[in-house]
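Visitor: Below is the structure I would like to discuss, written out as structure tokens.
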Amino acid sequence: MSRIALITGATSGIGKATAQLFAGAGIDLILCGRRQERLDEVSELSTKVKVTTLVFDVRDKGAVIAMIGSLPDDWKNIDILVNNAGNAHGMGSLDEGDTDDWDAMIDGNVKGLLYVSKAVIPLMLEKGAGHIVNISSIAGKQTYINGAVYCASKAAVEVLSEGMRLELTQHGIKVTNVAPGAVETEFSLVRFKGDENRAEKVYEGFDPLQASDIADAILYAINAPSRVTIADITILAGAQSAATTIHRK
Ligand code: NDP
Ligand code: 8X3
């Protein structure tokens, strides 16, 4: 019987690459995001597997619970949850940072992940099986200047991964925390509010990670034998030795 994965942030970057790889592995997909037209594009994976889409903002608690709750019973049989939706918004010091950016990061990266998990965990508990993959960041392990709020949001993801593992292992639910370094996606375009020049500079002079590299690691974790829990995976770019230490040509 094929497995079902719910992927948040499936419209772009790591989430989209994960959807593509999962489809190749025969995993049916519940694709989530805010941009319907992007979800429609990714839904072309329905030539390979069963696909359904849910449009919601993870910050909207009511929408998260209602949309996941509205899934037909056979789609509620979720085997894999990939908590990937999230972004950085701006870079700034703690005295001058934009509080709207802080809200977007804390509400999306932390509270949004919690809301989605709260909607899905009971479904996994009911069947006594499941796998949750939380996308953290090297920024959750190493704080950098002018990024403290994003780093704090990802440090929270690290802690929530541990908390979930402590609570859920006994119920047959595995939890994997994935912490990528610099991945070339729309991440920097979002962080710098559409400034393409600034976003491109983030990936200049080295070979950055691609979203598919992270998807490969996620597939590895969810395909591990039942005797194995892949608890944590940190993946840096080849030229990267720490969050902000990148050896550029
Ligand atoms: P992208 O900007 O390419 O993708 C972000 C995805 O998250 C989009 O699909 C977006 O969908 C979704 N999303 C963002 N905010 C919300 C929201 N409030 N509600 C619902 N969906 C939302 O970036 P990445 O693929 O790089 O980012 C994916 C994850 O990886 C994030 O959690 C990010 O923090 C993390 N990460 C990224 C790294 C990188 O260098 N790129 C490194 C380490 C971690 P839509 O806009 O359609 O809603
Ligand atoms: C994204 C990677 O180092 O830009 O989480 O914060 S970093």
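The values are calculated or read from the model by the stated rules, or taken from the named source; none is laboratory data. Since this is a predicted model, take the numbers as computed values, not measurements. Counting neighbours? That spans all protein chains shown, and the Cβs are built from the backbone with ideal geometry, glycine included. Accessible surface is based on the protein model in full, side chains and every heavy atom, while ligands, DNA and RNA are left aside. Shrake-Rupley method; radii C 1.70, N 1.55, O 1.52, S 1.80 Å.
Visitor: For the range 126-147, what are the residues that are of a type outside the set (K, R), open to solvent by 10 Å² or more (accessible area, probe 1.4 Å) and more than 11 Å from ligand 1 (Cβ to nearest atom)?
Guide: E126, G128, A129, G130, H131, Q142, T143, Y144, I145, N146, listed by residue number.
Visitor: Additional query: I need the full set of residues from the range 156-181 which are small (G, A, S) and either touching a Leu at 6+ places or on another chain (Cβ under 7 Å) or open to solvent by less than 20 Å² (accessible area, probe 1.4 Å) (or both), in order please.
Guide: Correct list: S161, A179, G181.
Visitor: So, one more: Just checking, how many residues over the range 6-20 are more than 18 Å from V49 (Cα to Cα) and either β-branched (V, I, T) or more than 16 Å from ligand 2 (Cβ to nearest atom) (or both)?
Guide: 1
Visitor: Further, regarding this structure: Given (1) touching a residue at least 40 places away in the same chain (Cβ under 8 Å); (2) part of a helix (DSSP H, G or I), identify the lone condition not met by Q170.
Guide: (1)
Visitor: Which residues, counting only those in the range 196-224, are within 18 Å of L236 (Cα to Cα) and of a type in the set (K, R)?
Guide: K201
Visitor: Continuing with this model, one more query. Out of curiosity, is D101 within 16 Å of ligand 2 (Cβ to nearest atom), more than 18 Å from the chain's Cα centre (by Cα) and of a type in the set (D, E)?
Guide: yes
Visitor: Residues in the range 75-116 that are touching a strand residue (DSSP E or B) at 6+ places or on another chain (Cβ under 9 Å), part of a helix (DSSP H, G or I) and crowded, with 21+ Cβ neighbours inside 10 Å: how many?
Guide: The total comes to 3.
Visitor: Just to be sure I understand, how many residues within the range 175-198 are in a helix (DSSP H, G or I) and either farther than 22 Å from N109 by Cα or more than 10 Å from ligand 1 (Cβ to nearest atom) (or both)?
Guide: 3
Visitor: OK, next. Does V58 satisfy the criteria of being within 13 Å of ligand 1 (Cβ to nearest atom) and part of a helix (DSSP H, G or I)?
Guide: Numbers: within 13 Å of ligand 1 (Cβ to nearest atom): yes; part of a helix (DSSP H, G or I): no.
Taking the combined requirement at face value, the residue does not satisfy it.
Visitor: Still on this structure, please answer the following. Take the residues of the range 22-54 that are in contact with a helix residue (DSSP H, G or I) (Cβ under 6 Å, 6 or more places away or on another chain) and under 23 Å from S188 (Cα atoms): which is surrounded by the fewest Cβ atoms within 10 Å (Cβ to Cβ)?
Guide: V42
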